[in-house]
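Peer 1: First the structure, which I've put down as structure tokens, then a few questions once you've had a look.
Since every read-out is calculated from the coordinates, none of them should be taken as a lab result. Worth saying up front: this structure is predicted, and the values here are computed from it rather than measured. Methodologically, a virtual Cβ is constructed for each residue, glycine included, from the backbone with ideal geometry; neighbour enumeration extends over all protein chains shown.
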Amino acid sequence: MIHIAVFVALLLVPVLGVLVWFRMVKIPLRMPLFCASLAAGIAALVVSAFIQYIFFLYIDIDNIFFIFFVRIALVEETGRLAVLMFLFALTNRISTVYYLRERCTAAAGLVSALAFGALESAWYTIESPRLALLRILTSVPLHAACGARAGRAAYAIPVNPAAAARIFFKTVALHGCYNYFVAAGGRFVFIAPILALTAFAAQAISISQTERLDESS
């Protein structure tokens with residue numbers, strides 16, 4: 001019963017928190033796109049899990065950097081970006097005002113990754129409830145930050161592919177470094193929450209601003 005309560009909390013608390021935050025700072029992300037972004041996060045998780053399963057079956061490379069930066073970070077960020085691009089191609093609900101469009105894609109990417117991170121964390125927490133707080137404070141914000149960057153990359157691809165590539169590979173590097181420091185343990189493990197929370201704060205500040213987001217960062 002406790003496991004179920006933790007599972008539900010991990011799913012609902014971050015989503016409701018972000019929804020309230022969006023309303024407070026007047027982020028123009030309509031509820032249909034908000035819900036579609038949550039569904040996109042679930043789809044990205046399924047896609048990433050399938051690709052990682054293929055890696056596990058057919059690519060036997062036992063290198064720590066390959067595992068953390070390619071099999072996990074690159075695969076998850078590629079799946080996330082692909083699903084977001086598909087979502088944005090299908091919807092016409094994003095504002096036609098330039099800075100609002102970019103702001104919305106970043107916000108939608110954050111919401112999508114929030115669903116991804118919350119589901120992934122809930123699954124790990126069922127196996128070990130003691131991980132719940134750690135996952136909420138590190139993994140969920142990390143995924144949310146990466147999702148916001150993926151949303152910005154998805155928006156930049158048609159107008160500035162080079163900027164989109166820079167955003168994407170920096171995101172993969174961030175995700176890979178987080179994975180590495182979490183696994184390293186010892187005194188290095190404290191670097192992981194610093195990376196996650198700093199990255200999330202940076203994206204939260206950018207999304208909360210009314211100015212146009214900087215594509216080149």
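Peer 1: How many nm is it between the label spots at Arg23 and Trp123, if each spot is 7 Å from the Cα in line with the beta carbon?
Peer 2: 3.1 nm
Peer 1: Continuing with the same structure: Loop only by DSSP, 16 or fewer other Cβ within 10 Å of the Cβ. Give me the trypsin sites (Lys or Arg not before Pro) in the range 26-96 that pass, ordered by residue number.
Peer 2: For trypsin sites (Lys or Arg not before Pro) across the range 26-96 that sit outside H, G, I, E and B with at most 16 neighbouring Cβ atoms in 10 Å, the list reads Lys26, Arg30, Arg93.
Peer 1: Compute the relative contact order of the range 2-208 as a whole-number percentage, counting only Cα pairs closer than 8 Å that sit 6 or more residues apart in sequence.
Peer 2: Here the relative contact order equals 27 percent.
Peer 1: Could you state the orientation-averaged shadow area of the convex hull built on the Cα atoms of the range 138-182, in nm² to one decimal?
Peer 2: Average of the hull's projected areas for the range 138-182 equals 2.7 nm².
Peer 1: What FRET efficiency comes out for the pair Tyr53/Ala173, r = Cβ-Cβ distance, R0 = 25 Å, nearest 0.05?
Peer 2: About 0.55, to the nearest 0.05.
Peer 1: Next up: Given labels modelled 7 Å from the Cα in the Cβ direction, how far is it in nm from Asp60 to Val13?
Peer 2: For the pair Asp60/Val13, the computed spacing is 4.2 nm.
Peer 1: What is the packing order of peptides 106-117, 13-24, taking the mean over residues of other C-beta atoms within 10 Å and listing the highest first?
Peer 2: Peptide ranking by packing, descending: 106-117, 13-24.
Peer 1: Counting other C-beta atoms within 10 Å, which of Thr78, Thr138, Thr105 has the fewest, and how do the rest follow?
Peer 2: Thr78, Thr138, Thr105
Peer 1: How many nm separate the modelled label positions at Leu197 and Ala89, each set 7 Å beyond the Cα in the direction of the Cβ?
Peer 2: In this crude spin-label approximation the distance works out to 4.0 nm.
Peer 1: Still on this structure, please answer the following. Please report the Cα spread of the range 11-97 along all three principal axes, rounded to whole Å, starting with the longest.
Peer 2: 47, 28, 20
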